[in-house]
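Let me begin by presenting the structure, written as structure tokens, before commenting on it.
The values are calculated or read from the model by the stated rules, or taken from the named source; none is laboratory data. Source: prediction; values computed, not measured. Neighbour counts are summed over all protein chains in view; Cβ atoms, including those assigned to glycine, are modelled from backbone coordinates with ideal geometry.
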Amino acid sequence: MSEDNNKASGGSDPKKKDSISIIYHQKNDSPKYFEIKRSKIYLFFIGLPTLTLIALIFGAIGILNTSPTHFIQSYRDNQKNKNELAKQESLNDKLAATLEENEKLKKEMSETQEIKSAVAVQLATGDAKNPPAAKAATVSNPNPDLKCPVACPAPVANGIANSIGLSTLSLFKPIQGQRDSSRPAVLGLSGFKTAVGRDTVNLQFNIIPAVTDDSKISGHIIVLMKNEIAIEAYPLQALGGNDFQINYSAGEPFATQRFRPVDASFVKPKKSGNYSFTVFIFSKSGDLLHYQAISLPLKL
């Protein structure tokens, strides 16, 4: 009898130490005896509230991420990116048209130069029928309606100007008195490499002065990236004008005595291929200090 009582009370049975005994008594009914394991009680009073709290936290995070404000901000960001891409594509199309027009102008200039050469030969041999004044006028301006498509250098006393690199500046706004100071070289470029990011392509190189007197060289840097269908400029605001010509002062300013790294960033194009990079370096007054073109493959 005592053994049964001990078992009922749960005091002597080791297996019942991990459980709780409950005697349930209801009026007009016999008492009922229950045993509940402690682990189930812990699960009910601790585990379930913990799971509920975690679910509430994740639910709040989900509500914040799907809120109307979040959707509106995402929509605005997408619209901004689309507008920027549309502007860039429009600029690329207009620049391509400008390049095509420049090619036509260069062809006309070449034909004009041939006319000049022919007239000069006639003047030298004395076979021309025109009087000397008319001949001189024909040589100086054989085609009055033809406009110079490049930044024309200022004339000098003997009528000859140093224009080694100025003929490459057809996309730049003409500057009165602009000179080509790239010969002899005062700068050198080295370490060309490209870095392809998620949305950009970067051309990295170093500017090293060619002079050894430790004098400071300063000015502006403009880099063009071109393939067969489009052209881009660095800095991007260099092409912000309505006439689609670049002002040299819109370039990245620099000043160096010994070493200057450059990281030119462009909008990432849509396809891989060989891209031509052209570096223009101007002085503060607009003279051309350095001009260099390099072709590099891009894997996008």
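Within this structure, residue 219 passes the test of being over 28 Å from residue 273 (Cβ atoms) and touching a Phe, Trp or Tyr at 6+ places or on another chain (Cβ under 7 Å).
Number of residues in the range 193-245 that are surrounded by fewer than 19 Cβ atoms within 10 Å (Cβ to Cβ) and aromatic (Phe, Trp, Tyr) equals 1.
Among the residues of the range 245-300, those identified as aromatic (Phe, Trp, Tyr) and closer than 23 Å to residue 90 by Cβ are 266, 275, 277.
Only a single criterion out of (1) exposed (fewer than 11 other Cβ atoms within 10 Å of the Cβ); (2) among the β-branched types (Val, Ile, Thr); (3) modelled with pLDDT of 75 or more is not satisfied by residue 112, namely (1).
With respect to (1) surrounded by 10 or more Cβ atoms within 10 Å (Cβ to Cβ); (2) under 32 Å from the mean Cα position of the chain (by Cα); (3) modelled with pLDDT under 80, the lone exception for residue 66 is condition (1).
Condition check ((1) closer than 26 Å to residue 215 by Cβ; (2) under 18 Å from the mean Cα position of the chain (by Cα); (3) without any contact (Cβ under 8 Å) to a residue 24 or more places away in the chain) across all residues:
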position	(1), (2), (3)
230	no, yes, no
234	no, yes, no
246	no, yes, no
251	yes, yes, no
256	yes, no, no
272	no, yes, no
298	no, yes, no
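Residue check: residue 232 meets all listed conditions (1) in a strand (DSSP E or B); (2) over 27 Å from residue 89 (Cβ atoms); (3) of a type in the set (Asp, Glu) but one, namely (2). Collect the residues in the range 249-279 that are more than 15 Å from residue 192 (Cβ to Cβ), among the hydrophobic types (A, V, I, L, M, F, W, C) and surrounded by 11 or more Cβ atoms within 10 Å (Cβ to Cβ), keeping them in residue-number order. Answer for the range 249-279, where residues must be more than 15 Å from residue 192 (Cβ to Cβ), among the hydrophobic types (A, V, I, L, M, F, W, C) and surrounded by 11 or more Cβ atoms within 10 Å (Cβ to Cβ): 250, 254, 267. Among the numbered conditions (1) exposed (fewer than 11 other Cβ atoms within 10 Å of the Cβ); (2) more than 30 Å from residue 19 (Cβ to Cβ), the only one that residue 73 does not meet is (1). The residues listed here are 239, 288; of these, the one that is at pLDDT 90 or above and not β-branched (Val, Ile, Thr) is 288.
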